[in-house]
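The values are calculated or read from the model by the stated rules, or taken from the named source; none is laboratory data. It should be emphasised that the depicted structure is a prediction, and the values quoted were computed from it without experimental measurement. Here the Cβ positions follow ideal geometry from the backbone for every residue, glycine too, while neighbour counts run over all protein chains shown.
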Amino acid sequence: MNREDYKEENEDLQATYTWHNCKRIFHQTTQRGTLLEVIDRPVWGLSCFMNGIVQSCEGDERIYHRALVKPTLKGLGFDDLRIAVFGGGEGATAREVFQNRNVVHLDMFDWDEEVVTTFRTQFRQWGKAAWEDPRLHLHFEDAFQVVKRPPIQLYDAVIIDMFDIDKETLTQSLEFLEHVCKWTKRNIGMYVTTQAPFLKPNHNHIRKLRTVLRNAGFKTHLSSIYVPSFHGYAVFLVGVASDNE
């Protein structure tokens with residue numbers, strides 16, 4: 001397999017990266033329209049790109065996924081926990097959820113079954129044993145439709161591991177979060193975006209997302225962590241029910 005240059009256009013960061021000496025390991029456009037690529041890049045190793053934007057790299061994906069999951073599950077106690085995840089098709093979010101031994105049930109909603117199947121069968125470095133864990137229940141549905149139907153039994157925590165929120169998707173993301181607030185009375189954790197060269201906590205998108213959570217009775221906690229392969233700070237927002245602190 002020949003090595004080649006791979007160009008990444010990142011509109012959110014207003015940057016173009018040209019990665020040299022890469023190998024295109026996997027390339028497929030799913031029936032859902034997702035361009036899924038797995039690129040072997042020097043230094044970073046296997047890297048997952050969706051629609052031309054890096055999603056995670058085997059070299060540092062744990063930084064991102066632990067920063068998303070651990071704060072969301074913090075403080076939930078030692079009772080049996082039921083968790084819902086929207087997105088997370090690589091399986092790494094589920095893997096980190098199962099690090100909490102109190103989790104007895106995890107519903108994972110991802111609309112693109114082909115993406116999930118690819119990582120379950122060909123790139124198991126991300127999800128590892130999570131795929132065979134009997135606590136994992138997969139649902140291949142459109143999250144934006146599913147979320148409109150609150151579950152009969154509320155979850156202890158809901159984790160949103162989807163695409164970056166930008167000005168084109170902000171309104172839809174705010175509506176989505178409003179529905180998610182009806183899925184749990186405890187904790188909500190979400191990935192917001194990647195910012196560079198530094199964190200901007202007063203960003204308009206963050207302020208509006210926090211307002212949605214606060215109006216639903218959640219206290220909000222903003223965090224960020226530098227992810228080297230992103231060349232920026234991954235930004236996370238956690239909502240904790242006021243009576244859960």
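The single condition from (1) of a type in the set (V, I, T); (2) under 29 Å from K200 (Cα atoms); (3) assigned to a strand (DSSP E or B); (4) under 19 Å from the mean Cα position of the chain (by Cα) that V69 fails is (3). Might you let me know whether region 178-189 holds any residue that is free of Cβ contacts under 8 Å to residues at least 40 places away in the same chain and in contact with a Pro (Cβ under 8 Å, 6 or more places away or on another chain)? Within region 178-189 (the criterion being free of Cβ contacts under 8 Å to residues at least 40 places away in the same chain and in contact with a Pro (Cβ under 8 Å, 6 or more places away or on another chain)), the answer is yes, since at least one residue qualifies.
Taking L170, is it in contact with a His (Cβ under 9 Å, 6 or more places away or on another chain) and without any contact (Cβ under 8 Å) to a residue 60 or more places away in the chain? It is true that L170 is in contact with a His (Cβ under 9 Å, 6 or more places away or on another chain) and without any contact (Cβ under 8 Å) to a residue 60 or more places away in the chain. In region 84-127, of all residues being under 20 Å from Y64 (Cα atoms) and basic (K, R), the one that is nearest to the chain's Cα centre (by Cα) corresponds to R95.
Just to be sure before I move on: is F163 within 14 Å of L68 (Cα to Cα), surrounded by fewer than 22 Cβ atoms within 10 Å (Cβ to Cβ) and either touching a residue at least 60 places away in the same chain (Cβ under 8 Å) or not basic (K, R) (or both) in the structure I sent? When the stated conditions are applied, F163 passes them. In region 20-53, the qualifying residues are those that are touching a Lys or Arg at 6+ places or on another chain (Cβ under 9 Å) and among the aliphatic types (A, V, I, L, M), and the one that is surrounded by the most Cβ atoms within 10 Å (Cβ to Cβ) is I39.
Screening L213 on (1) in contact with a His (Cβ under 9 Å, 6 or more places away or on another chain); (2) surrounded by 16 or more Cβ atoms within 10 Å (Cβ to Cβ); (3) not in a strand (DSSP E or B) shows it passes everything except condition (1). Number of residues in region 99-113 that are within 22 Å of V146 (Cα to Cα) and either assigned to a loop (DSSP other than H, G, I, E, B) or at pLDDT below 95 (or both) equals 3.
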